[in-house]
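Engineer: Can you keep this structure in mind? I'll have questions shortly.
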Amino acid sequence: LPPPPPAPPSFTGAKLVDDEDHPWMPLQSGDIRGPCPGLNTLASHGYLPRNGVASPSDMIKAVQEGFNMETQAARVAAYSAHLLEGNLVTDLLSIGGKTSLTGPDPPAPATVAGISNHGSFEGDASMTRIDAFFGDHTVFNQPLFDQFVDFSNRFGNGFYNYTVGGELRFHRIQQSIETNPQFSIRGFRHLTAYGEAAFVANIFVDGRKTGADAHHLDMDSALSFFRDMRFPQGFFRPSSPTAGEGADIIFAAHPTQPGSNNGAVNSFVVDTSMGGLTDPCTFYVQFVSTTIPALYPNPTGVLRRNLIINLGFLYDALSPPNCPQLFPYGQN
Ligand code: HEM
Ligand code: MG
């Protein structure tokens, strides 16, 4: 049986996480990395298996221990990623591309393609990664990082904060609308795009910083995480559990709606049918009744049992307000 979600650690204050037990190591042949600078860093320090393949429980433990990620947010991220792109029978998920290390695949149309797979969890208008339409959407992109620095200079006196996040998040969406005919930011992606912009100010900032220095990320540290998948030397994790706090501020700077381009640039059409940042219930309902059944139309045996269990873990963590739990595969 997939184990229940790991509880938070008993101590949730700041502490040295760039420690002797977790040395950074360069990639070895076969190690998998992907679009998430947080998970990449945890794997390169050994908080996650260094090969980049882990169970959802491993991920939750790692993001809590290494980054003090708040436990409900950690569960939402891990179980949604696992349901979308993990192997539900072996309980293994790749933090990058598809790999045989997750075990034998269930029948198509299930993809089990890892979190790099475009259009499920990964999506467009990332801050430091290009849209899949233009090439490899999983790797660090220097021109986009230069833009990240430029925005931090212009709006944050050289630091990334919620104000910078508000400007950069909006700008990346406009850039994609203007250049990517296949641009899409619907449902889950609309939610994660804002959440991730907040993570940068909440989780990548050393936990010893307080007052005006809190939620205030210097560019050397940003480069260390985004490009090198490495804690800044002597890094302390945040001083209390944190995740998407401030996403509302980033959103409010320039509110956007979910939607897509129509096959041409500058053809953006609003589409709220999959939910989004301001409508988590619709996201949940669509996820459970459309997205996952499209991958698993007719599961049986252990696969069906584990779908039911993981969907339950996701609902418990997300607890979408005024939004009853759904059971597309029954309850046991
Ligand atoms: C992006 C998954 C935890 C920071 C992403 C993306 C995925 C992902 C699939 C790609 C989205 C995209 O930009 O297209 C996960 C999962 C997590 C997790 C499954 C936990 C189980 C974390 C943590 C941090 C973090 C703990 C922070 C320390 C980020 C940031 C981005 C991102 C900043 C955006 C990168 C960019 O826009 O260039 N994550 N993540 N994530 N993640 Fe994570
Ligand atoms: Mg992306």
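Engineer: Only one of these conditions is not met by Ser57: (1) touching a Pro at 6+ places or on another chain (Cβ under 8 Å); (2) more than 24 Å from Phe283 (Cα to Cα); (3) of a type outside the set (D, E, K, R); (4) surrounded by fewer than 20 Cβ atoms within 10 Å (Cβ to Cβ). Which number is it?
Structural biologist: Tallying (1) touching a Pro at 6+ places or on another chain (Cβ under 8 Å); (2) more than 24 Å from Phe283 (Cα to Cα); (3) of a type outside the set (D, E, K, R); (4) surrounded by fewer than 20 Cβ atoms within 10 Å (Cβ to Cβ), Ser57 fails exactly one: (2).
Engineer: Taking interchain pairs and intrachain pairs at least six residues apart, which have beta carbon atoms under 7 angstrom, with the first residue in region 6-20 and part of a loop (DSSP other than H, G, I, E, B) and the second open to solvent by 40 Å² or more (accessible area, probe 1.4 Å) and of a type in the set (A, V, I, L, M, F, W, C)?
Structural biologist: Within 7 Å, the pairs are Ala14/Phe236; Lys15/Phe236; Val17/Phe236.
Engineer: If I filter region 72-92 down to residues being of a type in the set (S, T, N, Q) and away from ligand 1 (no atom under 11 Å from the Cβ), which single residue comes out as surrounded by the fewest Cβ atoms within 10 Å (Cβ to Cβ)?
Structural biologist: The extreme case among them is Gln72.
Residues are listed down the side, and each one gets a yes or a no for (1) modelled with pLDDT of 95 or more; (2) more than 20 Å from Asp124 (Cα to Cα); (3) among the acidic types (Asp, Glu):
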site: Phe231; (1), (2), (3): yes, yes, no
site: Ile250; (1), (2), (3): yes, no, no
site: Asp271; (1), (2), (3): yes, no, yes
site: Gly275; (1), (2), (3): yes, no, no
site: Val285; (1), (2), (3): yes, yes, no
site: Arg304; (1), (2), (3): yes, yes, no
site: Leu307; (1), (2), (3): yes, yes, no
site: Leu318; (1), (2), (3): yes, yes, no
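Engineer: Here is a follow-up. Restricting to region 300-332, give me the number of residues that are assigned to a loop (DSSP other than H, G, I, E, B) and either open to solvent by less than 40 Å² (accessible area, probe 1.4 Å) or among the acidic types (Asp, Glu) (or both).
Structural biologist: 4
Engineer: Take the residues in region 211-239 that are more than 19 Å from Val63 (Cβ to Cβ) and acidic (Asp, Glu); name whichever of them is least open to solvent (accessible area, probe 1.4 Å).
Structural biologist: The qualifying residue least open to solvent (accessible area, probe 1.4 Å) is Asp218.
Engineer: Which residue is nearest to the chain's Cα centre (by Cα), if the candidates are limited to region 178-220 and must be assigned to a helix (DSSP H, G or I) and without any contact (Cβ under 8 Å) to a residue 24 or more places away in the chain?
Structural biologist: Only one residue fits best here, namely Asp220.
Engineer: A follow-up question, please. I'd like to verify a number: residues in region 129-147 that are in contact with a strand residue (DSSP E or B) (Cβ under 8 Å, 6 or more places away or on another chain) and either under 18 Å from Thr179 (Cα atoms) or more than 12 Å from ligand 1 (Cβ to nearest atom) (or both), how many?
Structural biologist: Counting residues in region 129-147 that are in contact with a strand residue (DSSP E or B) (Cβ under 8 Å, 6 or more places away or on another chain) and either under 18 Å from Thr179 (Cα atoms) or more than 12 Å from ligand 1 (Cβ to nearest atom) (or both) gives 2.
Engineer: Another one. With the requirement that a residue be among the aromatic types (Phe, Trp, Tyr), part of a loop (DSSP other than H, G, I, E, B) and in contact with a Leu (Cβ under 8 Å, 6 or more places away or on another chain), what does region 110-154 give you?
Structural biologist: Phe121, the sole residue that qualifies.
Engineer: Out of region 1-53, which residues are open to solvent by less than 20 Å² (accessible area, probe 1.4 Å), over 19 Å from the mean Cα position of the chain (by Cα) and closer than 29 Å to Ile308 by Cβ?
Structural biologist: Pro2
Engineer: Which number in (1) surrounded by fewer than 17 Cβ atoms within 10 Å (Cβ to Cβ); (2) within 14 Å of ligand 1 (Cβ to nearest atom) marks the one condition that Pro104 misses?
Structural biologist: Looking at each condition in turn, Pro104 falls short on (2).
Engineer: Considering each of Leu101, Leu27, Leu83, Leu42 in turn, give the residue that is away from ligand 2 (no atom under 16 Å from the Cβ), of a type in the set (A, V, I, L, M, F, W, C) and touching an Asp or Glu at 6+ places or on another chain (Cβ under 9 Å).
Structural biologist: Leu42
Engineer: Do you know which residues across region 240-286 are surrounded by fewer than 15 Cβ atoms within 10 Å (Cβ to Cβ) and within 30 Å of Val205 (Cα to Cα)?
Structural biologist: Residues satisfying the conditions are Ser240, Asp248, Ala252, His254, Pro255.
Engineer: A further question follows. Give Ala132, Ala125 a once-over and let me know the one that is of a type outside the set (Lys, Arg) and open to solvent by less than 10 Å² (accessible area, probe 1.4 Å).
Structural biologist: Of the residues listed, the single one that is of a type outside the set (Lys, Arg) and open to solvent by less than 10 Å² (accessible area, probe 1.4 Å) is Ala125.
Engineer: What number of residues in region 121-144 are of a type in the set (Phe, Trp, Tyr) and either more than 18 Å from the chain's Cα centre (by Cα) or on the phi > 0 side of the Ramachandran plot (or both)?
Structural biologist: Here the count works out to 2.
The values are calculated or read from the model by the stated rules, or taken from the named source; none is laboratory data. Values in this document were obtained by computation on a predicted structure and should not be read as measured data. Cβ sites come from the backbone with ideal geometry, for glycine too, and all protein chains shown count toward neighbours. Just the protein is used for accessible areas: all its heavy atoms, side chains included, with ligands, DNA and RNA removed. Shrake-Rupley method; radii C 1.70, N 1.55, O 1.52, S 1.80 Å.
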